[in-house]
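Taking it in order: structure first as structure tokens, then the write-up.
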Amino acid sequence: MKNNWVRLIAGVLVSVALVGAISLTGGMKKGSRTDGLLYEASGLHPDGQLLMVNGETVTCEEYLYWLAYDCEYLSTYVQDIDWSAELTSGITYGDYAQTDTLETVKLYSVVRAWAEEAGITLTDEDQEALDAQRLEYVTYYGGEEAYQRQLAIQGISEEAYDHIRETSYLYQRLQDAFCTEGSALYPDGWRSTLRTTSISPAAWCSYPPVTAQRTRPTAI
């Protein structure tokens, strides 16, 4: 099963044009970690800094985590998927996975940057929910050791994975404040921030929540 999963991810990374282009622009700062299937499939160090979005650093492990998510999702619906095959005119499955991954890490980075600027933090209730979610994952994988092994296999640190999980709660807190007329974050009071992104107020308020379902560790 491990080898199948490596081939799955390596298939879409066999020509890492997007990652390569970013690294050639100077955006990549090499890391040192060599653990996990994602490193085995891509050759990218999990702790390497891949790009910056709104002042937020996106590491290789975060990018590759979401790329793996997209690969697994697509392979669930397309049997024996060929990443070089066209999904639509001029766009291959591999292109789609890479583009969708980039949009996901951009969204998560924007959420974190906006939350920091606005002083939005996790509430006690959010932390309790995160703790309960972690316990659910530990139970799902059969114990603490199995959960840690799952993260290690994927090549994502628990710190990075927690960072991803926390973003879904920051998103909800930020969206609540941003879409509530009269709040300090209602668009009139935040025009400077809006000018730094292509996301409009109407689009922001209509975005579906960043959900915990998109952050369950991939089963191996």
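The values are calculated or read from the model by the stated rules, or taken from the named source; none is laboratory data. These figures come from a predicted structure and were not determined experimentally. Cβ atoms come from the backbone with ideal geometry, glycine included; neighbour counts cover every protein chain shown.
See the values below:
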{"quantity": "Qualifying positions in the stretch 141-150 - within 21 Å of the chain's Cα centre (by Cα) and surrounded by fewer than 16 Cβ atoms within 10 Å (Cβ to Cβ)", "calculated": "Q148, R149"}
{"quantity": "Filter pass, T101 being within 27 Å of P46 (Cα to Cα) and either surrounded by fewer than 20 Cβ atoms within 10 Å (Cβ to Cβ) or aliphatic (A, V, I, L, M) (or both)", "calculated": "no"}
{"quantity": "Some residue of the stretch 75-97 being in contact with a Pro (Cβ under 8 Å, 6 or more places away or on another chain), farther than 22 Å from L170 by Cα, among the charged types (D, E, K, R) and modelled with pLDDT under 85", "calculated": "no"}
{"quantity": "Boolean, L44 is crowded, with 21+ Cβ neighbours inside 10 Å, within 22 Å of S168 (Cβ to Cβ) and at pLDDT below 85", "calculated": "no"}
{"quantity": "Single residue of the stretch 151-191 satisfying the filter (at pLDDT below 80 and under 19 Å from Y69 (Cβ atoms)) that is surrounded by the most Cβ atoms within 10 Å (Cβ to Cβ)", "calculated": "G155"}
{"quantity": "Looking only at the stretch 139-158, and only at residues there that are in contact (Cβ under 8 Å) with a residue 60 or more places away in the chain and not in a helix (DSSP H, G or I), the one that is farthest from G36 (Cα to Cα)", "calculated": "S157"}
